[in-house]
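Notes for the one structure printed next.
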Amino acid sequence: MSRERAKALLVDFDGVLRRWDPAVAAGVEQRYGLAGGVLLEIAMQWGRLQPVLTGQVSHADWMTSVADALTEPAGDAERARAAVEEWQSYRGEVDSDLLDFLRDARAGGIRVGLATNATDRLEDDLAALDLAGEFDAVVSSYRLGVNKPAKEYFQAACQAVATPPGRVLFIDDEDWSVRGARAAGLSAHRWTGHGDLRYMRAALDY
């Protein structure tokens, strides 16, 4: 028996709606004499990242910890802070084709939510990228206190778009997040690029 088409769409932010140009971080690292890839490597260490995704520490505290790690064991603290600050001034870029698709879906009666593991800077990022008001709901792990792929996250996300899990389509670029959504009863698809828009349109009921 085929599954009912979805009445709501949950879309991940980073790696899906927001893209990052790796040349930006690489340029910062080069200018400050840092090893290539070190900023992201330090920032994404799970023991450092998970607390900021679940509201235990602020984005500013997270970045301070990255700068502190860059100065160990005997680096230049001021230079490290400047490098991190310059890196963080970049807010990424919006995928305009996907945004157009989301607008069309909303116009067709689909409830659209942003479902993201995020920090307390999410609202500022959305405003800076002119995305405020583009969603029926914004589901932030920082505000919930629980991150994807936890079942509780997806339950809250479905409640936010007022749609039962079986009628929600979730889009993410990470396999582990897609698996978590499916385990929670949602339809889920791993984002690989604009070729996925045809599938998404077919899976939505509008």
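What follows draws every value from the coordinates through simple rules; no lab data is involved. A quick note: this is a predicted structure, and the numbers were derived from the prediction, not measured. Cβ sites come from the backbone with ideal geometry, for glycine too, and all protein chains shown count toward neighbours.
For the chain, what does -39500 (n - 2.57) per DSSP helix run (n ≥ 4), summed and divided by total residues, give at 222 nm, in deg cm²/dmol to the nearest 500? List each step's numbers first, then the result.
Values: 11 runs with 98 residues, N = 206.
Helices in the chain give a 222 nm mean residue ellipticity of -13500 deg cm²/dmol.
Evaluate the charge dipole of the chain about its Cα centre and quote only its size in Debye, nearest 20, assuming +1 on the Cβ of each Lys and Arg and -1 on the Cβ of each Asp and Glu.
Charge dipole of the chain: 1020 debye, to the nearest 20.
Taking the Cα-to-Cβ direction at residue 128 and at residue 199 and moving 7 Å from each Cα, how far apart do the two end points lie in nm?
It works out to 3.1 nm between the two label points.
Subtracting the Cα-Cα distance from 0.36 nm times the residue separation, let me have the gained length for residue 104 to residue 175 in nm, one decimal. Walk me through the intermediate numbers first.
Values: separation 71, 0.36 × 71 = 25.56 nm, distance 2.63 nm.
Here the answer is 22.9 nm.
Under a 5 Å amide H to amide H cut-off, with H placed in plane at 1.01 Å, what residues pair with residue 188 once short-range neighbours are removed?
Amide H to amide H, under 5 Å and 5 or more residues apart or across chains, residue 188 pairs with 170.
Would you be so kind as to identify which of 83, 57, 24 lies farthest towards the positive end of the dipole of region 22-88, taking Lys and Arg as +1 and Asp and Glu as -1 on Cβ and the Cα centre as origin?
24
Between residue 21 and residue 96, what is the label-point separation in nm under the 7 Å Cα-to-beta-carbon projection?
Calculated label separation equals 1.4 nm.
Report the charge-dipole magnitude of region 108-199 in Debye, nearest 20, computed about the Cα centre from +1 at each Lys and Arg Cβ and -1 at each Asp and Glu Cβ.
That gives region 108-199 a dipole magnitude of about 520 debye.
Taking the Cβ of residue 193 as the centre, find all other residues whose Cβ is under 14 Å away and add up their charges (Lys, Arg: +1; Asp, Glu: -1).
-3
Please order 151, 7 by the number of other Cβ within 10 Å, starting at the fewest.
Least to most surrounded, the residues fall as 151, 7.
How large is the charge dipole for region 22-88, taken about the Cα centre, if only the Cβ atoms of Lys, Arg (+1) and Asp, Glu (-1) carry charge, to the nearest 20 debye?
For region 22-88, the charge dipole is close to 100 debye.
Set Lys and Arg Cβ to +1 and Asp and Glu Cβ to -1, take the dipole of the chain about its Cα centre, and tell me which of 118, 137, 46 lies farthest positive.
With unit charges placed on the Cβ atoms, the residue in question is 137.
Residue 18: net charge of surrounding residues, Cβ under 10 Å, Lys/Arg +1, Asp/Glu -1, itself excluded?
Details: positive: 19, 91; negative: 12, 14, 93, 95, 125.
Here the charged neighbours net out to -3.
I'd like the distance between the alpha-carbon centres of region 1-26 and region 106-136, rounded to an integer number of Å.
Cα centroid to Cα centroid, the span is 12 Å.
No solvent, one uniform scatterer per C-alpha: report log10 I(q)/I(0) for region 22-88 via the Debye equation at q = 0.16, 0.23, 0.28 1/Å, two decimals.
Rounded to two decimals, the profile gives -0.49, -0.98, -1.29.
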